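The values are calculated or read from the model by the stated rules, or taken from the named source; none is laboratory data. Since this is a predicted model, take the numbers as computed values, not measurements. Glycine gets a Cβ as well: all are built from the backbone with ideal geometry, and neighbour counts include every protein chain shown.
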Amino acid sequence: MKVAIYVRVSTLEQAESGYSIGEQTEKLKSYCKIKDWQVAKIYTDPGFSGSSLDRPAMQQLISDCKLGVFDAVLVYKLDRLSRSQKDTLYLIEDVFNAHNIHFMSLSENFDTSTPFGKAMIGLLSVFAQLEREQIKERMQMGKLGRVKAGKISAWSNVPFGYTKAKDSYDIDPLRAGIVKRIYADYLAGKSITKITKELNREGHIGKGVNWSYRTVRQILGNVTYTGRIIFKGQVYDGLHTGIISKADWDEVQRVLKIRQLDQAKKSNNPRPFQARYMLSGLLKCHYCGATLAIAKSHTKNGPLWRYVCPTRHAKKYHSNNAARYRIPPVNCELTYKYKDDLEKAVLREVKKVALNPDAVVTNQDDGQPTIDKQAIKAQLAKIKRQQAKLVDLYLLSDDLNVDQLRDRSEKLKVQADALQAQLIHDTKKADAFKKTATDAKQIDQLDYEHQTAIVRMLIDHIDVSNTDLDIYWQI
């Protein structure tokens, strides 16, 4: 009788159970010799799981069954064939029996040519399936235990801004600064598309490829940046340090939903996030942090516009289904501010800045996160070391691919140039601010559209209280 030997082992089993390919093969060949059977072919699947039939040697075995290459298939143990009850029965009934091929297992000491063997194969396949389910359950419990202990999953990808450190993450200062900037820019009102373009224009620092909309969106939605871990929809405290505060992350999620709803509505405004008024989106409540909303009151002299805090009038904004102001009522103490009065006050401050922009550049602390210059310098030093290694490789190797070397060198140069540009970014930003401010000396003589453009170029946001305005400039 011509016999096909099939052997399979996964890495874990080879390490722990001793089911090595060599041991299985030798035992099966010895058994065939004792039985005086001819070994027609040996099929080997090293390092493949038995959970599916998608294995190279198994697929070849199935194909050869149809060609009559052998009369029987011999395995060391039933679960070497498959750990799935469904797959085991499929092979025996639809492949082997359909082509008059016997199936035999050395360890269980039976074959399908006998009634007893046919009965036993069904029972054993059930237990093989049970074993697999138990292993899966133990693995899931182990994963859950790790997560509850704050440890990261061994199979998870390392988020941008972190490096892997055993069971946790360490913060990468350079890339973490970029993550902070992405969150800050988004909360300041910039769109994901605009953030993506700015990052790429500056040389996609910290990444080997260009930023994409999807990547920025994933960063904005990744709870890992708050020092937490998500597993099967549940959030757990992690061992790693967060880059973003939970409050900022929650606010970003709220704004993401608001913008998604606004976009879906596609209201009369073709650009839903374009400012209609000079100070739209710039005014922040000093007491609760909410963005002030524009409201209209009717008088005998015509409509009168004023800014109000939506948390003070939460019932009104909820009932009007104004998604962008869906925030919990906190009975804010901010009184309303007339639009014209606020705009006049802001224009006066802009004119003052235009007379002495250097004073603002020197004294302004806008609180916005910036990239750590020391981290940038450290990254530059790392790139220089990599460039030096490339030179050493070129000098010492006789068969180095010069094109690959040149390509790698160019990529390192692009990264270095981008980092160098980032080091002087603050200086350039300050120069641009001073130029715009200087051009604003006659802002009160411009039309409303041009005034709005200049104000929004100069101002990041405005903190509004009942008695004062605190302007944060774009420097």
Test for G150: is it under 17 Å from V223 (Cα atoms) and out of contact with any helix residue (DSSP H, G or I) (no Cβ under 7 Å at 6 or more places or on another chain): yes
Of all residues making up segment 233-276, the number that are at pLDDT below 75 and in a loop (DSSP other than H, G, I, E, B): 12
Of L124, L174, the only residue that is surrounded by 14 or more Cβ atoms within 10 Å (Cβ to Cβ), modelled with pLDDT of 70 or more and in a helix (DSSP H, G or I) is L174
Does K164 satisfy the criteria of being modelled with pLDDT of 80 or more and assigned to a helix (DSSP H, G or I)? no
Does at least one position in segment 25-43 carry a residue that is modelled with pLDDT of 90 or more and either outside the structural domain of E133 (by TED's automatic domain parsing) or within 25 Å of E133 (Cα to Cα) (or both)? no
Out of L12, L78, L74, sole residue that is modelled with pLDDT under 85, in contact with a helix residue (DSSP H, G or I) (Cβ under 7 Å, 6 or more places away or on another chain) and in the same structural domain as F110 (by TED's automatic domain parsing): L78
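Matching residues to (1) touching a Leu at 6+ places or on another chain (Cβ under 7 Å); (2) assigned to a helix (DSSP H, G or I); (3) over 16 Å from F103 (Cβ atoms):
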position	(1), (2), (3)
G22	no, yes, yes
S30	no, yes, yes
I34	no, yes, yes
Y43	yes, no, no
S52	no, no, yes
Q60	no, yes, yes
Among the residues of segment 185-213 satisfying the criterion of being of a type in the set (D, E, K, R) and assigned to a loop (DSSP other than H, G, I, E, B), which is farthest from Y472 (Cα to Cα)? K207
Residues in segment 211-231: is at least one surrounded by 15 or more Cβ atoms within 10 Å (Cβ to Cβ), modelled with pLDDT under 85 and under 25 Å from L412 (Cβ atoms)? no
Would you confirm whether any residue within segment 450-464 is modelled with pLDDT of 80 or more, exposed (fewer than 14 other Cβ atoms within 10 Å of the Cβ) and over 29 Å from the mean Cα position of the chain (by Cα)? yes
Can you go through D468, D431 and tell me which one is among the charged types (D, E, K, R) and either modelled with pLDDT of 85 or more or buried (at least 19 other Cβ atoms within 10 Å of the Cβ) (or both)? D468
Looking at (1) touching a residue at least 60 places away in the same chain (Cβ under 8 Å); (2) surrounded by 15 or more Cβ atoms within 10 Å (Cβ to Cβ); (3) not hydrophobic (A, V, I, L, M, F, W, C), which is the one condition that is false for T196? (1)
